[in-house]
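Notes to accompany the following structure.
The values are calculated or read from the model by the stated rules, or taken from the named source; none is laboratory data. Everything numeric in this text was worked out from a predicted model, so none of it was measured. Every residue, glycine as well, gets a Cβ built from its backbone with ideal geometry; the counts of neighbours run over all protein chains shown.
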Amino acid sequence: MGDRPSPLLISILCIGIAILYLPILVLIGYSFNASALVSVWGGFSTSWYRQLLHNDQILDAAWLSLEIGVVVSTGAVILGTLAAIALVRFSRFRGRLLLTGMVNAPLVMPEIITGITQLLLFISMLHVLGWPHRGFTTIAIAHIAFCTAYVTITVQSRLASADRSLEEAAMDLGSGPVRAFLDTTLPIIMPALASSWLLSFTLSLDDLVISSFVSGPGASTLPMVIFSKVKLGVSPDINALASLIICLVGVCVLVAGYLMRRTERQRLLDAQLAER
Amino acid sequence: MSNGIDAGAEVTARPRERGEWLMRHGKWFIILPPMLYLLVFFLIPFAFALKISFADTALRMPPFTDILSISPDWHIHLTLSLGNFQYLFTDEVYGLSYIYSIRTAFFSTLICLAVGYPMAYAIARTSKSTQSVLLLIIILPFWTSFLLRVYALEGIIRETGLLNSALLWLGIIHQPLKIMHTTLAVYLGIIYSYLPFMVLPLFATLEKLEYPLLEAAADLGSPPWRTFLDVTLPLSVPGIIAGSMLVFIPAVGEFVIPTLLGGPDNLMIGRVLWDEFFGNRDWPVASAVAVAFLVLLVGPIALYQHYSTKQLEA
């Protein structure tokens, strides 16, 4: 892979990574600060974490966010996988360009626009159809839309590189196309589905802007509660909560990355065996 | 095949034919669910925003007038109000916030590019196993909550934060620097939050660069900086554009960063939209702001789509 990067490049890389991680590490450090003054180090303590367990507002919001996250990631994985199959396996169908555009647009669309437009839709739907009431349902519907885009792109690339010969063999042996897909290709792309489930979960758990728009009275997700507190400045219990969320998300992403890498390695191994 | 010259062929052919029927019509069972979902809950909402941007404010729920009405004698009346768009031109806060957002996003994108390019270049030149570890390190903050990362940055740059404490302790400054609630804080926030968006697409193009090409240039006597300018840089243009758009587009619409880190004069479109909606409750004007904003973004979004699909095909 060419010559080694120069010391200058390596130092820029290190500084860049340091910039990305330093604030998070400092935040986690301060969450163990015994002092209520955020600028003074008062010794090691886990009291802020224990206080979180007695804060009903935060616990309710956390529970709501987790529930939404599970519903959203399950829905997004189903819809996103179908969209990926459609885009990879069916090279020509009416609306293919439209579907491609709708899958890619949410990734770059500013959240504030997506949030406003979806709110306007929900208001009009409620007015005409009497459904959906703003809260859990509308947040979940809105999150599924943008998570589906992420799932589609992840699964799409995995599906495109999957070997189809097993599936064709199954069809030659008399399986219908659906059966053949479920028996051969689905197990191959399963890790990609699992990792996109985890990524959708973290995206849904993190979202503030879209949730704030489409939510109604009484339904506050965790980021919404955090935002209303953070506007008032740095506080030690938010430090503890933020550290917990960052660690949870970090674990999700690491597991997702591990799953992706393992399948990638398996695929390379299979390819090598096939060549032999 | 349907003639069935010998029985064996027909038996094996039957599932195939059923398969062909499924392939021809059954594919809609796969295509339609995601297609309809995204159509109803992602694309059609834009039509609603467009519709409401032509309505007038009304004291009812939903707080705007219908632009389509049917009179008792079954005539359909279309009442389009251009007042909201005119209003965007009369009140200078909208024009100023558009210009301010674009300027902020533009310079943040340039700085992200200046920092992100060497990072991506360095990652692309390490061994495959180091690459995957480094990429994971870059991707991890990419997935971590924006809100929490911006909040974490506040811990560094506020008056009693780590940066000021360190500088005071080193004796470089004698008064704490005021960074919070300034334009500088908004820039720092955007660069810090969006740097991974720049590095990832850049890495994707730089990784595919053919190193024999660079070696050939070196063998022919080209100094490293010439090789970089003549070979590497032109070949990485798709990555530069994809990464820049991935930073620029969401940065223009940024709401959390100017609200938490900026001061009252850091009025970006995202903040104006939010206030119009939740503060003034003027939905038609907010919709008009959103529509005008979207029109502004059509160019950059098209540019991004073009170069990112190009990158996928390469």
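Those helices (runs of 4 or more DSSP H) of segment B:131-242 in which at least 2 residues are under 23 Å from the mean Cα position of the chain (by Cα), surrounded by 21 or more Cβ atoms within 10 Å (Cβ to Cβ) and at pLDDT 90 or above, considering only elements entirely within it, cover B:146-157, B:183-208.
So which of B:Leu206, B:Leu200, B:Leu214, B:Leu235 ends up being facing chain A (nearest Cβ under 10 Å) and not acidic (Asp, Glu)? Step through it out loud before you land on a result.
On the way: B:Leu206 fails: facing chain A (nearest Cβ under 10 Å); B:Leu200 fails: facing chain A (nearest Cβ under 10 Å); B:Leu235 fails: facing chain A (nearest Cβ under 10 Å).
On inspection, the qualifying residue turns out to be B:Leu214.
Could you please let me know if A:Ile19 is within 8 Å of chain B (Cβ to nearest Cβ), β-branched (Val, Ile, Thr) and in contact with a Phe, Trp or Tyr (Cβ under 9 Å, 6 or more places away or on another chain)? Full working, then the answer.
Numbers: within 8 Å of chain B (Cβ to nearest Cβ): yes; β-branched (Val, Ile, Thr): yes; in contact with a Phe, Trp or Tyr (Cβ under 9 Å, 6 or more places away or on another chain): yes.
It is true that A:Ile19 is within 8 Å of chain B (Cβ to nearest Cβ), β-branched (Val, Ile, Thr) and in contact with a Phe, Trp or Tyr (Cβ under 9 Å, 6 or more places away or on another chain).
Can you say whether A:Ser235 is surrounded by 21 or more Cβ atoms within 10 Å (Cβ to Cβ) and either among the small types (Gly, Ala, Ser) or under 15 Å from the mean Cα position of the chain (by Cα) (or both), as far as the supplied structure shows? Here the answer is no, as A:Ser235 does not meet what is asked. Against the list (1) facing chain B (nearest Cβ under 8 Å); (2) at pLDDT below 85, the condition A:Ala271 fails is (1).
Checking each residue in segment B:270-299 for being more than 8 Å from every other protein chain (Cβ to nearest Cβ), in contact (Cβ under 8 Å) with a residue 40 or more places away in the chain and in contact with a helix residue (DSSP H, G or I) (Cβ under 9 Å, 6 or more places away or on another chain) picks out B:Arg271, B:Val272, B:Asp282, B:Pro284, B:Val285, B:Ala288, B:Val289, B:Val291, B:Ala292, B:Leu296.
Restricted to segment A:30-118, the set of helices (runs of 4 or more DSSP H) holding at least 3 residues that are away from chain B (no Cβ under 14 Å) comprises A:47-52, A:56-89.
Of the residues B:Val256, B:Val247, B:Val295, the single one that is in contact with a Leu (Cβ under 7 Å, 6 or more places away or on another chain) and β-branched (Val, Ile, Thr) is B:Val256.
Based on what the data block shows, is B:Lys178 charged (D, E, K, R) and more than 9 Å from every other protein chain (Cβ to nearest Cβ)? Considered against the rule, which asks whether it is charged (D, E, K, R) and more than 9 Å from every other protein chain (Cβ to nearest Cβ), B:Lys178 comes out as yes.
On the stretch given as segment B:94-127, residues that are surrounded by fewer than 21 Cβ atoms within 10 Å (Cβ to Cβ), assigned to a helix (DSSP H, G or I), without any contact (Cβ under 8 Å) to a residue 12 or more places away in the chain and in contact with a helix residue (DSSP H, G or I) (Cβ under 9 Å, 6 or more places away or on another chain) total 2.
Taking the criterion of being at pLDDT 85 or above and among the charged types (D, E, K, R), the residues of segment B:251-275 that qualify are B:Glu254, B:Arg271, B:Asp275. Of all residue pairs spaced 6 or more apart or on separate chains, those with beta-carbon atoms under 6 Å, a first member in segment B:142-170 that is assigned by TED's automatic domain parsing to the domain that holds B:Ile191 and closer than 19 Å to A:Trp41 by Cα and a second member that is surrounded by fewer than 22 Cβ atoms within 10 Å (Cβ to Cβ) and small (Gly, Ala, Ser) are B:Thr160/A:Ser39.
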